[in-house]
1. Only one of these conditions is not met by B:Glu129: (1) within 25 Å of A:Arg12 (Cα to Cα); (2) more than 8 Å from chain A (Cβ to nearest Cβ). Which number is it?
2. Within segment A:54-72, how many residues turn out to be in contact with a helix residue (DSSP H, G or I) (Cβ under 6 Å, 6 or more places away or on another chain) and either modelled with pLDDT under 95 or surrounded by fewer than 17 Cβ atoms within 10 Å (Cβ to Cβ) (or both)?
3. What are the residues in segment B:94-135 that are touching a Phe, Trp or Tyr at 6+ places or on another chain (Cβ under 9 Å) and among the aliphatic types (A, V, I, L, M), if any?
4. Filter segment A:26-44 down to residues that are in contact (Cβ under 8 Å) with a residue 24 or more places away in the chain and among the polar types (S, T, N, Q) and give me whichever is surrounded by the most Cβ atoms within 10 Å (Cβ to Cβ).
5. Within segment B:1-14, take every residue that is crowded, with 19+ Cβ neighbours inside 10 Å and out of contact with any Phe, Trp or Tyr (no Cβ under 8 Å at 6 or more places or on another chain) and give me the one that is nearest to B:Ile121 (Cα to Cα).
6. Which residue is nearest to the other protein chains (Cβ to nearest Cβ), if the candidates are limited to segment A:1-23 and must be at pLDDT below 95 and closer than 16 Å to A:Pro74 by Cα?
7. Considering segment B:68-84 alone, what residues qualify as being more than 11 Å from chain A (Cβ to nearest Cβ) and either in a helix (DSSP H, G or I) or open to solvent by 10 Å² or more (accessible area, probe 1.4 Å) (or both)?
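The values are calculated or read from the model by the stated rules, or taken from the named source; none is laboratory data. For clarity, every value in this text was computed on a predicted model and none was experimentally measured. Cβ sites come from the backbone with ideal geometry, for glycine too, and all protein chains shown count toward neighbours. When the accessible area is computed, the model is the full protein with side chains, heavy atoms only, and any ligands, DNA or RNA have been set aside. Shrake-Rupley method; radii C 1.70, N 1.55, O 1.52, S 1.80 Å.
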Amino acid sequence: MAVEVRIPTILRQYTSGARTVAGKGDTLSALVDDLESRHAGLSERLIENGELRRFVNVYVNDEDVRFLDGLKTPIADGDSVTVLPAVAGGSAAQEVPGS
Amino acid sequence: MLTIRRDLVDAIIAHARKDHPDEACGVIAGPAGSDEPERFIPMLNAARSPTFYEFDSMDLLQLYREMDDRDEEPVVIYHSHTATEAYPSRTDISYASEPNAHYVLVSTRDEGEAEFRSYRIVDGDVTEEEVKILS
């Protein structure tokens with residue numbers, strides 16, 4: 001049994017257009033590594049310098065992993081993982097709060 | 001070209017005016033593949049800032065789940081600039097993540113007349129497009 005991962009439109013170029021892909025791993029980090037082995041390029045869009053990118057949201061079931069344990073968040077068979085890019089922007093040219 | 005109903009344009013401008021001087025943001029969803037904006041969904045600006053906007057992460061999940069269930073997509077993603085022109089900033093361009101969406105910008109810097117413009121933002125390239133308003 002595996003984990004279902006929902007992929008947003010902008011990252012479907014790495015999944016041959018698939019909206020959901022299956023993966024496995026005990027933690028979010030291991031799951032991303034597993035996905036990268038079949039969908040090369042995906043990992044770099046999610047992770048930067050060993051951290052989840054600031055403007056990518058990942059949810060395990062209904063929880064934002066930032067409020068769990070980030071990339072170390074445990075994953076269990078049957079969990080559902082959703083990736084969504086943040087919808088963000090604004091007139092500030094450079095100073096982005098929280099980045 | 002963005003084709004959009006007058007009442008939706010008015011709703012976006014009213015939201016931008018209400019949240020001024022903070023930036024306002026939201027989505028107009030429409031049937032997937034239709035390119036027709038139909039359902040006005042104002043979002044909370046979690047940053048509550050005059051120079052930055054971001055959808056709250058839980059609101060974002062709920063929004064996308066709801067659109068999925070209804071077979072919709074974000075046809076329009078809008079936000080306001082409250083002291084500058086209605087043109088995408090570098091921040092807007094770097095975080096734009098819906099290549100199929102019309103990015104609408106409203107400027108509320110002029111109290112009398114709101115500027116309403118629409119863009120495509122794909123891979124860091126900005127293209128302004130014509131806006132056709134249906135009355």
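1. Among (1) within 25 Å of A:Arg12 (Cα to Cα); (2) more than 8 Å from chain A (Cβ to nearest Cβ), the lone unmet condition for B:Glu129 is (1).
2. Total satisfying the criteria: 1.
3. Within segment B:94-135, B:Ala96, B:Val104, B:Leu105, B:Val106, B:Ile121, B:Val126, B:Val131, B:Ile133 meet the criteria.
4. In this case the residue turns out to be A:Ser29.
5. B:Leu2
6. Looking at residues that are at pLDDT below 95 and closer than 16 Å to A:Pro74 by Cα, I get A:Ala2.
7. B:Asp69, B:Arg70, B:Asp71, B:Glu72
Residue-by-condition table, conditions (1) part of a strand (DSSP E or B); (2) open to solvent by 20 Å² or more (accessible area, probe 1.4 Å); (3) without any contact (Cβ under 8 Å) to a residue 60 or more places away in the chain; (4) under 19 Å from A:Ile10 (Cβ atoms):
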{"position": "B:Pro37", "(1), (2), (3), (4)": "no, no, no, no"}
{"position": "B:Phe40", "(1), (2), (3), (4)": "yes, yes, yes, no"}
{"position": "B:Leu60", "(1), (2), (3), (4)": "no, no, yes, yes"}
{"position": "B:Ala86", "(1), (2), (3), (4)": "no, no, yes, no"}
{"position": "B:Val104", "(1), (2), (3), (4)": "yes, no, no, yes"}
{"position": "B:Asp110", "(1), (2), (3), (4)": "no, yes, yes, no"}
{"position": "B:Ile121", "(1), (2), (3), (4)": "yes, no, yes, yes"}
